[in-house]
Amino acid sequence: MFQPVNSKVSFPDLERRILDLWRDRKIFEQSIEARSSSPRYIFYEGPPTANGNPGIHHVLSRVFKDVIPRYKTMKGFCVPRKAGWDTHGLPVELEVEKQLGFTGKAQIEEYGVAKFNALCRESVFKYLKQWDSLTERIGFWLDIEHPYVTLDNSYIESGWWAISRLWNKDLIYQGYKVTPHCPRCGTSLSSHEVALGYKDDTVDPSVYVKFRIHTLPPSVASDKSGGLTLADAVSKGKVYFLAWTTTPWTLPGNTSLALAEDADYAVIPLDDEYLIFAQALVEQAGLGGRPALKTFKGGQLVGSLYYPLYNPHEYDVERKRAKEGQQGQFDVQEPVADLTYKIITADFVSMEDGTGIVHIAPAFGEVDFQAGLENNLDFVQQVDLAGNITGTYSFSGKFVKDADADILADLERRGLLYKTVKITHTYPFCWRCDAPLVYYAKKTWYIRTSARKDEMIAGNRRINWYPEHIKEGRFGDWLNNNVDWAFSRERYWGTPLNIWLCRKCGRYECPSGVEEIKGKPGLQGYSDGMDLHRPYIDDVTYACAACGDTMVRQPEVIDCWFDSGAMPFAQWHYPFENAELFKQSFPADYISEAVDQTRGWFYSLHALSTLVFDQPCFKNVICLGHILDAQGEKMSKTRGNVVDPWTVLDSSGADALRWYMFTSGPPGNVRRMSPDMVVEVMRNFLMTLWNTYSFFVIYANIDNFVPGKKAPKVTSELDRWLISSLNQLIIDTDRQLGEYDPTGAGRKIESFVSDLSNWYVRRSRRRFWKSQNDDDKLSAYSTLYQALVTLSKLLAPFTPFVAEEIYQNLVRTVDKDAPESVHLALFPVADEKLIDTDIIAGTELAMKVCSMGRAARSKSSVKVRQPLPKVVIKARSSHEREALQSLCAQITDELNVKDIGFTSDEMQEDKNLSVIAEGDYQVGVVTEISPELLAEGLAREIVRRLQTMRRSAGLEIADHIRTYYEGGEQVQAVMKDFADYIRQETLSTEILQGSSEPPVHTEKFRLAGLEITLSIKKQK
Ligand SMILES: [Zn+2]
Ligand SMILES: [Zn+2]
């Protein structure tokens, strides 16, 4: 006997029971230990940070991370799954700053780095419990007892080892470069971080600024064309270059203007002054009505000098110039009262917008910085790392973006502003704190990833991306445009950069780990087991091997993406320990995260693996799309449309949520979701499965069906079809999961479950219901049993809870030797001999024809239970006709018609023929009703009423009844003629005319215009 099944199941309750079972019997642990000698399948967990509550998007990635390892386990692999936590970096520091009410780094220094970092350490596990319980609740099997943690000394030391390897390969350097800098966080961002924070709708000033000309080249100054020479106007200070910018705050740092060599520059009169700028942009600048007095090529203007808008020496700001041949070293220049700057020509000058004259501030732009080096320009950096204006300007002390308005007002007052408007453009913001980034020249440590670009691209060719277009698209593009990885951060809570510098002779060293540091001469500030974080490591010094002076650590920490990218080796503290374990688990067979990680974790994994090990570290990756709300809007707290995973888990359950994530769309697509959508999945899929299962158990228990005793000979077309489909389903599911396509596999299962319920079970109902226990009934039971047990195994990776429930009841209750859990069982293997593709195709066609036939019946508004004489089918070929002919019993029964006919002619609808057409097919139902058919229809109606009465009287399915009836002559005739049929269908031992004393249940009806009273009474 199987355990009785409640048709009103609560999936959340069921799942909590299954969680207890897994926990009590250590099923997850067993699933790994039992396969300890099997081939390994390697999964890498991309580490989340536990300083916030996990959200619905975490559920998405975690269920995709779960489904493949579960499947591989059932395929016989050993799949260890080590959890991991990302614990360093800006996101963590920002949370703590928020908590302390800090707005900048000065406050942290004042508060104390030791205390600050202690708070960071605490905060990263603030939501650990929530993460662990959500992980368990959604059935994500992961070893959360033994996670790798990026803040552990062992993890840090492995990171140091990797950095020193790169150092030895000359892949690390310090560059004076313009980097995207977050003024609030006070640190550089890597280009992949910048990519996370672009905003399209940023409003900025669009400014046309006048630079007063000091000198023009003689040929230009004395040129007489247009009836004008400029020499006189220049000496009166009336001639200007007109340049354009959207970042007025960089203007005090201007040290040159760039023109295009071959473009035409026009001299345009305005009031009593002259503006020089590109002829092509006169119209756009709003001066289209004024013809140029004369034009010069950009190249002709080389040699011009102009006055700076702000002479840095007057505002207590240093003017520097790069030392010849020494990138990153600058000499401070002596003050000059009558300072002028030169113009240059450059090929980056565009004639698309602006004025064709580019304002150059080498301290604030990548292109500008480069132009500065190439043309020996001055370097004026009147902004500090917090983004505030330095010096003694009237706007000093202000944040750059806030100073814009003051600078413009000042220029306006001095007659140096031609015009200013607002534009909307794309501008980068800090992905963590939302502050506008500023491009800022400074010293930063780089990993020379661009030196290994070709290897990274070649390695990527060996990775299977799902969806495939990511490989050459998003990820491939990213690699093709690779720039060096700016990986140092001027921050506190992170893996400290293991580069020491000699204070005296300037020699650098990059020790590979604690042992190497311990062996240094004159070591100070080190103690065994010390916390390797700042500020403690900052006190560790040793003697310079060259000059004997003190080596001190560089103050930076490293990018937290380096940490997570180091997990393939750092999770094992490789190479200091676990060399064998590392070898066994490198590279990974499978990883999965959302698509934004193409520039995050996917990239840092791939870059480090290529640079350190000369090979990729993952073979297959499912790249997930983002989740939106039901209306397609981004979920956000301010919109109030965030879906809390727990709400869904408590109402619909984890299986429903998982199934939704797997089947609602391909993994890479954007996914809409709401709790209601998950409820629908529960109703449409899980309840269909459950009702079929519950149907089986109820009838199997009534008939004492014992599976596997004696396999009956399968003769029924229906059984042969189901067995065929089931074996085909095994092949399809196995193949698609093997191809990392849980969506395709899930959809196949879903359509099988639908056919199983809506065709097989419905068409077989009478076979289970009939009283004699013949071979046909046994065959129906074993077929359905086999389908349900196989389904439980196919579904185990997707919906592990309901799969376990079905397996425990259908398998474990009858076979104590079977594996203890469906997750310890092997994935089903198809028996291809049992697949009859003709019967699969034929039944599919029959289902289609029946669906059309039902539509034809419903169009004619004849009642469903009224038998009709005939269905006529127009199929596409004689082959199809034969297939349908062989299934004619199913079709006539399904459509409640007496006969089936075929035609190759077009059918015309008339009053006795209702026709439905679909593509090449036509199905017509003959609607003429003879008195005999009318009587039969009546009998069927009566059976239905009696069955409803049985239910409302609360009778069990197997209870026998006595049936009484009252009615006219016609009713009496029907009750007599169809007595056997009615008895069999309603389990009536007797059918009697009159009324019972006392009746259990009596009801009066009007059927086809006839009065009829029915009563039923339960038989003991
Ligand atoms: Zn920031
Ligand atoms: Zn030295």
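The values are calculated or read from the model by the stated rules, or taken from the named source; none is laboratory data. Note that the structure is predicted; figures quoted are calculated from it, not measured. A quick note on method: Cβ atoms are made from the backbone with ideal geometry, for glycine too, and the neighbour counts reach across all protein chains shown. Surface areas here come from the heavy atoms of the whole protein model, side chains and all, with no ligands, DNA or RNA. Shrake-Rupley method; radii C 1.70, N 1.55, O 1.52, S 1.80 Å.
Side notes on the structure shown:
- Considering the range 878-981, the qualifying strands (runs of 3 or more DSSP E), each wholly inside and each with 1 or more residues that are among the basic types (Lys, Arg), run over 897-902, 961-967.
- Among the residues of the range 976-1012, those that are touching a residue at least 40 places away in the same chain (Cβ under 8 Å) and of a type in the set (Gly, Ala, Ser) comprise Ser988, Ala1008.
- Check on Val552, among the hydrophobic types (A, V, I, L, M, F, W, C), out of contact with any His (no Cβ under 8 Å at 6 or more places or on another chain) and over 30 Å from Asn51 (Cα atoms): yes
- Residues satisfying the stated conditions in the range 659-709, i.e. among the charged types (D, E, K, R) and open to solvent by less than 60 Å² (accessible area, probe 1.4 Å): Arg671, Asp703
- With respect to the conditions (1) open to solvent by 10 Å² or more (accessible area, probe 1.4 Å); (2) within 40 Å of the chain's Cα centre (by Cα), His823 lacks only one, and its number is (1).
- Selection of the range 498-527 for residues being within 16 Å of ligand 2 (Cβ to nearest atom) and more than 44 Å from the chain's Cα centre (by Cα) yields Cys502, Arg503, Lys504, Cys505, Gly506, Arg507, Lys520, Pro521, Gly522, Leu523, Gln524.
- Condition met for Leu196 (within 16 Å of ligand 1 (Cβ to nearest atom) and surrounded by fewer than 18 Cβ atoms within 10 Å (Cβ to Cβ)): yes
Per-residue answers, yes or no, for (1) closer than 21 Å to Arg766 by Cα; (2) touching a Phe, Trp or Tyr at 6+ places or on another chain (Cβ under 8 Å); (3) open to solvent by less than 40 Å² (accessible area, probe 1.4 Å):
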| site | (1), (2), (3) |
| --- | --- |
| Arg881 | no, yes, no |
| Gln885 | no, yes, no |
| Thr892 | yes, no, yes |
| Leu895 | yes, no, yes |
| Gly919 | no, no, no |
| Val923 | no, no, yes |
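- Selection from the range 502-527 of residues that are farther than 27 Å from Ala118 by Cα and open to solvent by 20 Å² or more (accessible area, probe 1.4 Å): Arg503, Lys504, Cys505, Gly506, Arg507, Tyr508, Glu509, Gly519, Lys520, Pro521, Gly522
- Some residue of the range 41-59 being in contact with a Phe, Trp or Tyr (Cβ under 7 Å, 6 or more places away or on another chain), acidic (Asp, Glu) and closer than 26 Å to Asn669 by Cβ: no
- Residues that are among the hydroxyl-bearing types (Ser, Thr, Tyr) number at least 2 in the following helices (runs of 4 or more DSSP H) confined to the range 646-732: 654-663, 687-702.
- Glu157 satisfies every condition listed in (1) assigned to a helix (DSSP H, G or I); (2) open to solvent by 60 Å² or more (accessible area, probe 1.4 Å) except (2).
- Sub-8 Å Cβ pairs linking a first residue in the range 427-452 that is farther than 19 Å from Gln370 by Cβ to a second residue that is within 16 Å of ligand 2 (Cβ to nearest atom) and outside any strand (DSSP E or B), at least 6 apart or interchain, are Trp445/Ile499; Trp445/Gln554, ordered by first then second residue.
- Test: residue in the range 130-138 that is touching a residue at least 60 places away in the same chain (Cβ under 8 Å), part of a loop (DSSP other than H, G, I, E, B) and over 30 Å from Ala361 (Cβ atoms): yes
- Residue within the range 220-235 that is crowded, with 20+ Cβ neighbours inside 10 Å and under 17 Å from Ser350 (Cβ atoms) present: no
- When restricted to residues that are out of contact with any Gly (no Cβ under 8 Å at 6 or more places or on another chain) and exposed (fewer than 15 other Cβ atoms within 10 Å of the Cβ), the range 594-643 contains 13.
- Residue in the range 762-794 that is surrounded by the fewest Cβ atoms within 10 Å (Cβ to Cβ), counting only those that are aliphatic (A, V, I, L, M) and more than 22 Å from Glu804 (Cα to Cα): Leu778
- Filter result for Tyr603 (touching a helix residue (DSSP H, G or I) at 6+ places or on another chain (Cβ under 6 Å), hydroxyl-bearing (Ser, Thr, Tyr) and within 20 Å of Val79 (Cβ to Cβ)): no
- Filter result for the condition that a residue is small (Gly, Ala, Ser), touching a His at 6+ places or on another chain (Cβ under 9 Å) and modelled with pLDDT under 95, over Ser222, Ser206, Ser191: Ser206
- Residue that is among the small types (Gly, Ala, Ser), surrounded by fewer than 21 Cβ atoms within 10 Å (Cβ to Cβ) and either over 30 Å from Pro39 (Cβ atoms) or away from ligand 2 (no atom under 16 Å from the Cβ) (or both), where the choices are Ala570, Ala545, Ala588: Ala545
- Take the conditions (1) within 30 Å of Ser394 (Cβ to Cβ); (2) open to solvent by 50 Å² or more (accessible area, probe 1.4 Å); (3) of a type outside the set (D, E, K, R); Gln279 misses just one of them, which is (1).
- Test: residue in the range 45-64 that is on the phi < 0 side of the Ramachandran plot, in contact with a Cys (Cβ under 7 Å, 6 or more places away or on another chain) and open to solvent by less than 30 Å² (accessible area, probe 1.4 Å): no
- Count of the range 370-385 residues which are in contact (Cβ under 8 Å) with a residue 60 or more places away in the chain and either of a type outside the set (S, T, N, Q) or part of a loop (DSSP other than H, G, I, E, B) (or both): 10
- When residues in the range 477-529 are screened for being more than 16 Å from ligand 1 (Cβ to nearest atom) and closer than 18 Å to Thr444 by Cβ, 15 of them pass.
- Residue match in the range 528-541 (condition: over 23 Å from Leu611 (Cβ atoms), within 16 Å of ligand 2 (Cβ to nearest atom) and surrounded by fewer than 17 Cβ atoms within 10 Å (Cβ to Cβ)): no
- Yes/no for Val149 being over 30 Å from Gly365 (Cβ atoms), among the hydrophobic types (A, V, I, L, M, F, W, C) and modelled with pLDDT of 95 or more: yes
- Taking each residue of the range 535-546 that is farther than 13 Å from Pro521 by Cβ and looking for partners that are within 16 Å of ligand 1 (Cβ to nearest atom) with beta-carbon atoms closer than 9 Å, six or more apart or interchain, yields Pro535/Tyr492.
- Filtering the range 71-96 to residues that are at pLDDT 95 or above and either open to solvent by less than 10 Å² (accessible area, probe 1.4 Å) or touching a Gly at 6+ places or on another chain (Cβ under 6 Å) (or both) leaves Tyr71, Thr73, Met74, Cys78, Val79, Arg81, Ala83, Gly84, Thr87, His88.
- Exactly one residue out of Val557, Val595, Val621, Val612 is under 23 Å from Trp85 (Cβ atoms) and within 16 Å of ligand 1 (Cβ to nearest atom), and it is Val557.
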